[in-house]
Structure formats: structure tokens, C-alpha cells
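Single-structure report; data block below.
The values are calculated or read from the model by the stated rules, or taken from the named source; none is laboratory data. Since this is a predicted model, take the numbers as computed values, not measurements. When we count neighbours, we look across all protein chains shown, and the Cβ atoms used for this are built from the backbone with ideal geometry, even at glycine.
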Amino acid sequence: MSGAQVTHVSYAVRGWGVGEVVVSNSLLLCHDAPHPGGRARGEHPLARRFRDWFRGSRDDFLDVELDTDGMTPMQLKLLQTLRAVPYGEVVSYGELAALAGYARAARAAGTFCAHNRFSLVVPCHRVVAAGGIGGYGGLGVEYKRRLLEVEGVAL
């Protein structure tokens, strides 16, 4: 990415907090979902779209180009498969793995979700445990539940 300009933007969503977007030209490098604390700074069209999603917009973000450098073929397939899970639907970790062509890789699917740096664009909140909601990293299960509620899913 030599010569590419990297832009960091923070966006605020009432009731959620402040999230971060990092882009290079039109390529999304990473983003964080809003969490308490921080202050919004800068502006970017993608940040506006994220803010709108938290307000109920049904954006699927499929047009957003992602930085996938360093991902394995399996991670790329999980990423593509997860992006295809429709708004308002959930799959289990095992189902995600099977849909991606790795039927015995539920744990690998969970690890992929745990390290996802594109939380809304690659909607890992739509992946649940076979016996319940499952985890959601440092933001916790209640945050995941709130994300699913935005999409009309109650677990």
C-alpha cells in the first residue's frame, strides 16, 4: 500500500457510543463498532452508513471493498459466506463452516469471527452458538443481542 493515504474517522451513535473507521482510498482496512467513550472526529461516507445502520437502515455493505491481505483461503471463504447471511437471519458456527465448505470447522469459524476486523461489513453478530447466542468478544453478549435486535432478531 505504498503511497496510499490512510484515513481514520470516528463516528458517534446515540445510545451506542463512538466507533472507528480506517480506510485507504476506497479500501476498508478495519472498523470498530461503537462503544462508550471517545469523541467523533472527521467524516467519511462509510461512517455515515454505519451510523445509519445503527438507526435501522438495512444496508448490507456488500459494495464495501475490504483489505483481505494475509487471509487464508479458508478465511476468505468464511468472509464471503458470512457476508451473504441476510440481514435479520442467523446461522450457527457449524452452519457457517458448512456453508463455506468446511463442514467440520465450527471452531475455526468461531476463531474467524473472534478476530473479525469488519464487524458490520462481515456481520459476525449473525453467527450464534448451537445452544444459544454465543459470545461477542470484549463488547459482550448483551452488545451482540442489541445488534441482533436492530435487525429484528430476538434471542
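The table for this structure:
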| read-out | value |
| --- | --- |
| Selection count, the range 115-130, where residues are among the small types (Gly, Ala, Ser) and farther than 23 Å from residue 63 by Cα | 2 |
| Residue among 141, 122, 85 that is in contact with a Lys or Arg (Cβ under 7 Å, 6 or more places away or on another chain) and within 21 Å of residue 34 (Cβ to Cβ) | 122 |
| Pair list, Cβ under 6 Å, 6 or more apart: the range 57-77 residue among the charged types (D, E, K, R), other residue surrounded by 14 or more Cβ atoms within 10 Å (Cβ to Cβ) | 58/87; 59/49; 59/53; 65/27; 67/27; 67/29; 77/100 |
| Conditions (1) more than 16 Å from residue 89 (Cα to Cα); (2) of a type in the set (Asp, Glu); (3) surrounded by 14 or more Cβ atoms within 10 Å (Cβ to Cβ): number failed by residue 151 | (1) |
| Flag if residue 101 is outside the structural domain of residue 14 (by TED's automatic domain parsing), among the small types (Gly, Ala, Ser), on the phi > 0 side of the Ramachandran plot and buried (at least 18 other Cβ atoms within 10 Å of the Cβ) | no |
| Flag if residue 84 is under 20 Å from residue 31 (Cβ atoms), of a type in the set (A, V, I, L, M, F, W, C) and either at pLDDT below 95 or outside the structural domain of residue 138 (by TED's automatic domain parsing) (or both) | no |
| Output for the range 102-155, where each listed residue is among the hydroxyl-bearing types (Ser, Thr, Tyr), in contact (Cβ under 8 Å) with a residue 60 or more places away in the chain and not in a loop (DSSP other than H, G, I, E, B) | 143 |
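For every residue, the table says whether it meets (1) crowded, with 21+ Cβ neighbours inside 10 Å; (2) under 19 Å from residue 92 (Cβ atoms); (3) assigned by TED's automatic domain parsing to the domain that holds residue 61; (4) more than 14 Å from the chain's Cα centre (by Cα).
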| residue | (1), (2), (3), (4) |
| --- | --- |
| 113 | yes, yes, no, no |
| 117 | no, no, no, no |
| 122 | yes, yes, no, no |
| 126 | yes, yes, no, no |
| 131 | no, yes, no, yes |
| 136 | yes, yes, no, no |
| 139 | no, no, no, no |
| 142 | no, no, no, yes |
